[in-house]
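A short worksheet on the structure shown next.
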Number of protein chains: 2
Amino acid sequence: MSDAVDAIVDQWVKERADVEDDLWPVQLFGRIQRLAVVIEKSVKANAAQHGLDVGEFDILSTLQRSGPPYALTAGTFLKASMVTSGTITNRVDKMEAKGLVERVRDGEDRRTVKIRLTERGQEVTRAAFTDHLANYARLLADVDRDLVEKAAESLRPVLEALGDTTIK
Amino acid sequence: MSDAVDAIVDQWVKERADVEDDLWPVQLFGRIQRLAVVIEKSVKANAAQHGLDVGEFDILSTLQRSGPPYALTAGTFLKASMVTSGTITNRVDKMEAKGLVERVRDGEDRRTVKIRLTERGQEVTRAAFTDHLANYARLLADVDRDLVEKAAESLRPVLEALGDTTIK
DNA sequence: TGCTCTTATCTCGGTATCGAGATTGTTAAG
DNA sequence: CTTAACAATCTCGATACCGAGATAAGAGCA
């Protein structure tokens, strides 16, 4: 059994024998990066079926899973979504134009802006996320469930070590 | 022990109890996607220190690991790099201007164009890749080596199932 | 030779993202 | 109450990428 990353590492061993002992992280990171590309394309296709791009779907999902009242500040998205502030502004602009979210200025601190799901935004998100999960399941249809769970478990300490954060 | 993805899944369970049984792929895919972003940022920073962007570094690495004569067709990169043809053209244009690679038209089939590393390209790639591996090791410094290898192993069948390909 | 189908690469308009700096509001010190 | 420092968001130019279509070369067939 060998995959694309095995082939890549084999090539490196031949070409750069001097760093053979330093190639072990490639086995992990190479697979993560290639899997991420495949997954991203699939997520993108699913989002498109609901008239969204990936970034918009990301914002909507974050809002919905935060629970009622489905409102978070722009700053929260910065930490949750791993993108820059300009990107958030742009995404929210587009979704506000579509009527999926609305900006609400807080009376407490007028610098902050809460992004809130509209009724329509909630409906769209609900439908898109349901299909999103079906899409995920389809991608993993040919992989043993136990194996998927083991892989997920083994990545947890790695993600922690690399200092990931999320909304609290 | 819990990470950002555990938190995300917990939120979904509360908000969408109806799909609780379909959330298991999120444990794997969520970690893959978040790890990919962190890794990508780090790879980007390393490439920048050598005057390259990530896409350029990708092309150069693919060329070098292919071994002498360090030449591949544009089409090969399409399969290896998971990007579109326009992207490859653009990357090669920039690197040709920098003197890192050169286009060589094949006498056999004049539609195909081989992209070949120049002497300078080989030097830059060698140095950049050495630092790249050091960077990878740094990212994983706090993670048990056995665990990294187990995680890498567990991702192999997933990558195979999702139909990844590489250059032959 | 002429025609069509296929293959390989390039062109180019559209777009999401980055990232540094500007804008606006808040807090704290003197 | 003025000023400075800080915080949250937005602006905007630059850029890498996508992706559909154009271009150009080879292959098969009459």
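The values are calculated or read from the model by the stated rules, or taken from the named source; none is laboratory data. Predicted model, so just to flag it, every value in this text is computed and none were measured. Ideal geometry is used to build each Cβ from the backbone, glycine not excepted, and the neighbour counts take in all protein chains shown. Areas reflect the complete protein model, heavy atoms only, side chains present, ligands, DNA and RNA absent. Shrake-Rupley method; radii C 1.70, N 1.55, O 1.52, S 1.80 Å.
Express in nm, to one decimal, how much length is gained between residue A:109 and residue A:93 on full extension, taking 0.36 nm for each residue of separation and deducting their alpha carbon distance.
3.7 nm
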**Report entry** Portion, in percent, of the accessible area of the protein assembly as shown that falls on carbon or sulfur, probe 1.4 Å
**Finding:** 50 percent
Report summary line: Taking the label point 7 Å from Cα along the Cα-Cβ vector, the copy-to-copy distances for residue B:126, listed from shortest in nm with one decimal, are 6.3
**Report entry** Exam field: residue B:160 pseudo-label spacings to other copies (7 Å along Cα-Cβ), nanometres
**Finding:** 3.0
Query - Rotation relating A and B, chain B residue nearest the axis via C-beta, angstrom - result: B:36, 2
Query raised in the report: Taking a quarter of the surface of the convex hull around the Cα atoms of region B:1-48, what do you get in nm²?
Result: 4.0 nm²
**Report entry** Spherically averaged projected area of the protein assembly as shown from its Cα convex hull (nm²)
**Finding:** 19.1 nm²
Query raised in the report: Once phi is turned into ³J(HN,Hα) by the Karplus curve 6.51 cos²θ - 1.76 cosθ + 1.60 with θ = phi - 60°, what whole-Hz value does each residue of region B:97-105 show in order, with x for glycine and proline?
Result: 4, 7, x, 8, 9, 9, 8, 10, 7
Report task. Can you tell me the relative contact order of chain B? Whole percent, Cα pairs under 8 Å, sequence separation 6 or more. Result -> 20 percent
Query raised in the report: Which distances, shortest first and in nm, link residue B:94 to the matching position in the other copies, using label points set 7 Å out along Cα to C-beta?
Result: 2.1
Query raised in the report: For chain B, what class follows from the C-alpha gyration tensor (a ≥ b ≥ c being the square roots of its eigenvalues): rounded when a/c is under 1.5, otherwise prolate if a/b is larger than b/c, else oblate?
Result: prolate
**Report entry** Label-point separation, residue B:123 to residue A:37 (7 Å along Cα→Cβ), nm
**Finding:** 2.9 nm
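Given the -39500 (n - 2.57) contribution per DSSP H run of 4+ residues, what per-residue ellipticity at 222 nm results for the protein assembly as shown, rounded to the nearest 500 deg cm²/dmol?
-21000 deg cm²/dmol
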Query raised in the report: What ³J(HN,Hα) values, in whole Hz, does the Karplus curve 6.51 cos²θ - 1.76 cosθ + 1.60 give for region A:119-133 when θ = phi - 60°, with x put for Gly and Pro?
Result: 4, 4, x, 5, 5, 4, 5, 4, 5, 5, 6, 4, 5, 4, 5
